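Single-structure report; data block below.
The values are calculated or read from the model by the stated rules, or taken from the named source; none is laboratory data. Remember, it's a predicted structure, so these values are computed and weren't measured experimentally. Ideal geometry is used to build each Cβ from the backbone, glycine not excepted, and the neighbour counts take in all protein chains shown. Side chains are part of the model used for accessible areas, which takes the heavy atoms of the whole protein and leaves out ligands, DNA and RNA. Shrake-Rupley method; radii C 1.70, N 1.55, O 1.52, S 1.80 Å.
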Amino acid sequence: MITTDQTIRTFLEFFRERGHELLPGESLITSPGDPVLFTTSGMHPLTPYLMGRPHPLGPRLTNVQRCLRTTDLDEVGDDTHLTVFEMLGSWSLGDYDGPRSLRWGLELLREGFGITTDRLHVTVFGGDDHVEPDRESSRTWDELGVPVESTIDENWWSNGPTGLCGPDSEIFVWTGNETPRGTPTSDYRWVEVWNHVMMRYRRRPDGGLQLLDRPCVDTGLGLERLVRILNHTRSVFDIDVFHPWLTTLPRIWGPLDRSSSRLLSDHLRSSVVILGDRVTVSPSGRGHVLRRLIRRTLTTLWRDDPTRTLSDLPIELVEHTLDHFRQSVHPNEVRTLLLEEEHTFGRQLHRGRKILSRNRFTGTLTEDDYHYLYDTHGLPRDLVQYLKDCR
């Protein structure tokens, strides 16, 4: 078993040996004025430096960064998606070029992690009406003997409708049991682990592309996905950081189906990390995301047994997660906040059941009903639907 910590050390040591300075991992909380609620990638905190500001540590950087993407919530429970995850990153701020980054990437995967070339496939930007194909990356991969597939939209990276953008090259690893077949776009068993972005442009508000004065290279490697692949496991939930959750939760709450077990492990762990970064439950913003995670946890937990409670959660699980993410909040404080939201949600469910028992709401609800229930009684749509489904 290759542990998550061993994987982190191998990655960071590789790039530090090649002149990269180690950045401390940032909080999930973005800087004031950032329209994004949470840090979504390793490059997120580095945006000003990718735009041209000199970094105090120099032009070569590396780190491990915790991230959260609310867009993946409905995907959680499959073999690859998590709410809170970690990204291993390396950056060239106007220093070395894309081909060098790709060559180092292959060297680390082969020599550092033991992934053979025959299990690798890459994709590159094939060009469109505005930008030529990324021939430089294609030539590099051809020289290295790695098969290449060209795409358009899948290999153009952007930070939004405006701002930094450029072609990227994604590295995929074969996770099937048989001989690799097909391509990343034709067979789901090719799993993306590492994206190398050639940050060459800034998209203006009018849609035009402006070349950057100082092109950069930004790479991001999904830590949990890589650990899963290195250990030849079925999913990211089979790696070491999830083992305490997946073994303890059935012990305290009884048998859980795979979907419930994965969702509970992910959402509880993610809630601990968010609370560890000192976010509190609230009706909007970051606190609403936290509330949504906790309530999805509770509705899953109570679906089969309404007597289950977060008070059963061993403090050791909270400690395990806070320690891994290097967070200094006391585990008892996190546990107390989880229980407070459980009690709040329980009271709201009790009140909601009484309101929905009225004749007006016994049948199919209209949009006006949903608006009334929220505006007058503070019952959001997802809560109303949950209560209706539980009847």
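List of remarks:
- Positive-end residue of Phe125, Thr40, Gln65, charge dipole of the range 1-149 with Cβ unit charges: Gln65
- Calculated P(r) tail over 26 Å for the range 100-249, as whole % of Cα pairs: 32
- Inter-label distance, Thr364 to Thr47: 4.3 nm, where each label sits 7 Å from its Cα along the C-beta direction.
- Toward the positive end of the charge dipole of the chain, with +1 on the Cβ of Lys and Arg and -1 on the Cβ of Asp and Glu, the farthest Cα among His243, Thr151, Leu268 is that of Leu268.
- For the chain, the 222 nm mean residue ellipticity estimated from helices alone, with every DSSP H stretch of n ≥ 4 adding -39500 (n - 2.57) and the total spread over all residues, rounds to -12000 deg cm²/dmol.
- Placing +1 on the Cβ of every Lys and Arg and -1 on the Cβ of every Asp and Glu, with no other charges, gives the chain a dipole of roughly 1320 debye about its Cα centre.
- Around Trp157: net Lys/Arg minus Asp/Glu count, Cβ-Cβ under 12 Å: -4
- Surface share of carbon and sulfur [accessible, 1.4 angstrom probe, percent] for the chain: 47
- Cut-off under 5 Å, modelled amide H: who pairs with Glu21 long-range: Arg60, Leu61, Thr62
- Degrees between helix 315-324 axis and first principal axis of the chain (Cα, 0 to 90, nearest 10): 20
- Highest-first arrangement of 173-185, 83-95, 361-373, where packing means the average Cβ count within 10 Å: 83-95, 173-185, 361-373
- The alpha carbon convex hull volume per residue for the range 55-141 rounds to 179 Å³.
- Rg and Dmax of the range 1-156, Cα atoms only, in Å: 17.0, 47
- Computed log10 I(q)/I(0) for the chain at 0.08, 0.13 Å⁻¹: -0.49, -1.13, from the Debye equation with unit scatterers placed on every C-alpha and solvent omitted.
- Per residue, the chain exposes 47 Å² of accessible surface when a 1.4 Å probe is rolled over the protein heavy atoms with every protein chain present.
- Using the alpha carbons alone, the radius of gyration of the range 255-391 stands to its Kirkwood radius in an Rg to Rh ratio of 1.01.
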